[in-house]
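Heads up: the structure comes next, in structure tokens.
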Amino acid sequence: MYKRSEYQVIKKRLEERRKFIQVVVGPRQVGKSTVVKQVLQEINIPYQFYSADNVPASDSAWVSNCWEAVRSLQKSKGWQEIIFVIDEIQKITNWSEVVKKEWDDDTFHDRNIKVLLLGSSRVLLERGLSESLSGRFEEIRMSHWSYPEMRDCFGFSLDQYLFYGGYPGAAELIGDEDRWGQYVQSAIIDATINKDILMDTPVSKPALLRQTFELGSSYSGELLSLNKMLGSLQDAGNTVTLAGYVNLLGESGLLCGLQKYSIDAARRRASIPKFQVYNNALRSVYNPLSFEQAILDRRNWGRVFESGIGAWIVSQAFVHRLEVFYWRERDNEVDFILRKKGKVVAVEVKSNAEKNTVGLDVFRERFKPHAAFIVGSGGINAEDFLTIEIEKLFD
């Protein structure tokens, strides 16, 4: 079975002495549970795996009961250590407070129980971690599958990856686009919105949240003002409501609204957002053209191409904790601006044969970035770009 790079990270952390709670966080359907089960099956440490998927949200005692069962098992078997795993932990109300209490109790009594938590709702997990578990955990961030992973595991071509994205569960369905689309819609979009957002976050207009996602996804890779969105949505409320919904969608790994790059933070916040999906399947499922039709339509494919590159960038940015912006001033524009620890990298995406852009030159002159280049036929080809480690852009 194919092993993602996070396999080695998780295995190494679990083999270390007990020090931190390990938290694997990432969007739905990217293989978090699968890679953890691969590690557990091959590591030489006993373990117990529990899932909160079908547990009532109000049953916070369930966590304590599972924990006590693990303690009893370790004591009765005489094991020196044991790994305790809970999947979809964020679904339990006040989970972080219970985990803190039980973890601290184990620490006080010198019980060698290593804890691994998994969750698909980034916003709910990180809220609980910051509120109750500060200083007690480490995050292992996972995101959507990269082009090399989809190529090596499922034989995807570059064009297939750009259109169908990086969901392993949907990979074998691309021969039937209706079936593929139904999977993406139900197993990913509906599940994330209904289970990870609406179940635990106060949303006054659930239908508007879904409309915001659908419209934003169809405009992935493009600028679209919130005021213009208001005119396209039913019962749209106001721009503050829309901005809040975009933040929720971003925290759940579906869709983000990139801000304009500026030294002035206030100007960034007031900028028109550039919408970007985290996985291009989320855009393609709303594309009226099939894969074959989209390739033949040069204008449509240009949008698919830019959104596909952008999806990889924002997904990697989540894993490696990079900031991503766009830049635009009058007619000059740069598609993606990446920033980490004061270093800035400018990336312009071109699906045609242009070898230079005025916008990139203007940005170079004004901001003196660490690196600036084109991705596409006029610069670094897309296959090479999607294969590099994004952090090396800052070397």
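The values are calculated or read from the model by the stated rules, or taken from the named source; none is laboratory data. The structure presented is a predicted model; accordingly, all values stated were derived computationally and were not measured. Note that each Cβ is placed from the backbone with ideal geometry, even for glycine, and that neighbours are counted across all protein chains shown. For the accessible areas, the whole protein counts, side chains as well, though only heavy atoms, and no ligand, DNA or RNA atoms are used. Shrake-Rupley method; radii C 1.70, N 1.55, O 1.52, S 1.80 Å.
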Of the numbered conditions (1) open to solvent by less than 70 Å² (accessible area, probe 1.4 Å); (2) in contact with a strand residue (DSSP E or B) (Cβ under 6 Å, 6 or more places away or on another chain); (3) more than 27 Å from Ala294 (Cα to Cα), Gly378 fails exactly one; give the number of that condition.
(3)
Let me spell it out: the conditions are (1) within 29 Å of the chain's Cα centre (by Cα); (2) in contact (Cβ under 8 Å) with a residue 24 or more places away in the chain, and Asn54 meets all of them except one. Which number is the exception?
(2)
Among the candidates Phe363, Phe367, Phe385, Phe373, which residue alone is among the aromatic types (Phe, Trp, Tyr) and closer than 18 Å to Gln276 by Cβ?
Phe385
Run Leu386 past the list (1) at positive phi; (2) open to solvent by less than 10 Å² (accessible area, probe 1.4 Å) and report the number of the one that doesn't hold.
(1)
Filter region 289-312 down to residues that are free of Cβ contacts under 8 Å to residues at least 12 places away in the same chain and either open to solvent by less than 10 Å² (accessible area, probe 1.4 Å) or not charged (D, E, K, R) (or both), then give me how many there are.
3
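Show me the helices (runs of 4 or more DSSP H) found entirely inside region 165-254 where at least 1 residues are modelled with pLDDT of 90 or more.
177-183, 206-218, 239-251
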Give me a count of the residues in region 318-345 that are among the β-branched types (Val, Ile, Thr) and either open to solvent by 30 Å² or more (accessible area, probe 1.4 Å) or within 13 Å of the chain's Cα centre (by Cα) (or both).
1
Six or more apart or on different chains, Cβ under 6 Å: which pairs go from a residue in region 379-395 that's more than 20 Å from Lys350 (Cα to Cα) to one that's of a type outside the set (D, E, K, R) and surrounded by 14 or more Cβ atoms within 10 Å (Cβ to Cβ)? Could you list them?
Glu391/His320
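Could you count how many residues in region 204-233 are β-branched (Val, Ile, Thr) and open to solvent by 50 Å² or more (accessible area, probe 1.4 Å)?
Kept after step one, since they are β-branched (Val, Ile, Thr), are these residues of region 204-233: 212.
Subset that is open to solvent by 50 Å² or more (accessible area, probe 1.4 Å): none.
Within region 204-233, residues that are β-branched (Val, Ile, Thr) and open to solvent by 50 Å² or more (accessible area, probe 1.4 Å) number 0.
Pick from region 96-125 the residues that are touching a Ser or Thr at 6+ places or on another chain (Cβ under 7 Å) and of a type outside the set (Lys, Arg): which of them is modelled with the lowest pLDDT?
Let us first name the residues in region 96-125 that are touching a Ser or Thr at 6+ places or on another chain (Cβ under 7 Å), namely 96-98, 100, 102, 118, 121-123.
After this cut, where a residue has to be of a type outside the set (Lys, Arg) as well, the list is 96-98, 102, 118, 121, 123.
Numbers: Ser96: 88, Glu97: 90, Val98: 92, Glu102: 96, Leu118: 91, Ser121: 62, Val123: 59.
For region 96-125, the residue satisfying everything is Val123.
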If I filter region 229-239 for residues that are in contact (Cβ under 8 Å) with a residue 24 or more places away in the chain and of a type in the set (Val, Ile, Thr), do I get at least one hit?
no
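Quickly run through region 1-31 and pick out the residues that are part of a helix (DSSP H, G or I), within 29 Å of Ser186 (Cβ to Cβ) and either among the acidic types (Asp, Glu) or touching an Asp or Glu at 6+ places or on another chain (Cβ under 8 Å) (or both).
The first filter runs over region 1-31 and keeps only residues part of a helix (DSSP H, G or I), leaving 6-15.
Subset that is within 29 Å of Ser186 (Cβ to Cβ): 6-7, 10.
Selection gives Glu6 alone.
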Thr93: passes all of (1) in contact with a helix residue (DSSP H, G or I) (Cβ under 9 Å, 6 or more places away or on another chain); (2) of a type outside the set (Gly, Ala, Ser); (3) part of a loop (DSSP other than H, G, I, E, B); (4) over 30 Å from Met1 (Cα atoms) but (1)
Quick check on this structure: which one of Ser315, Ser284 is open to solvent by less than 30 Å² (accessible area, probe 1.4 Å), touching a His at 6+ places or on another chain (Cβ under 7 Å), of a type outside the set (Lys, Arg) and within 29 Å of Thr212 (Cβ to Cβ)?
Ser315
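Does any residue of region 145-163 turn out to be of a type in the set (Lys, Arg) and either at pLDDT 90 or above or more than 30 Å from Leu248 (Cβ to Cβ) (or both)?
So in region 145-163, the residues of a type in the set (Lys, Arg) come out as 151.
With either at pLDDT 90 or above or more than 30 Å from Leu248 (Cβ to Cβ) (or both) added as a condition, the list becomes 151.
The answer is yes; a qualifying residue exists.
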